[in-house]
Amino acid sequence: MKHLTLVLLFIVISSFAKAQLNKSQSEIMQLMANDDKWTFDVSGLNNAGEPYLSYRYKEKDWTKGFYFKNDSCGMISIIIPNKQLGDVIKDMNSKFTSNGHNLWTDDKEKTYYSIILTDNKPYFQVYEVLISSITKINSN
């Protein structure tokens, strides 16, 4: 039952996240304000000087970050405790095309997902970016 709950939660979060890419900061803030599970955590500038917004889902101990370029959300990062890694990978394998090396493609939504593991940290990160964003970076 616990596994099913986690899988269903990830389905909801990943489908909600897809609707958030390419949204403006104000649109993201409004969407997140309407979601009673997530609470605002912090905002600021990343190392490249671009703005981000961060929200917490305390029940699952997840953090979700939205990263903006030209006031458009170009990347979403979800920080998840390591103990949930196996369930998240199984869920991603069931929904998306695995490209190996912790990278998945959602052809329907034109989105890449990647899992980044960090040594000596109690969490891992799932990044979501539009395929068109990667194409633009590679063409420059």
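What follows is calculated from the coordinates using simple rules that are stated; it is not laboratory data. Every value quoted in this text rests on a predicted model; they were computed, and no experiment measured them. Quick reminder, even Gly has a Cβ in these numbers, built from the backbone with ideal geometry, and neighbours come from all protein chains shown.
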Looking only at aspartates and glutamates whose Cα falls under 18 Å of LYS69's and that sit 8 or more positions away or on another chain, we get GLU27, GLU50, GLU128
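Show me 75-82, 35-42, 57-64, 118-125 ranked by packing, highest mean number of other Cβ atoms within 10 Å first.
Order by mean packing, descending: 75-82, 57-64, 35-42, 118-125.
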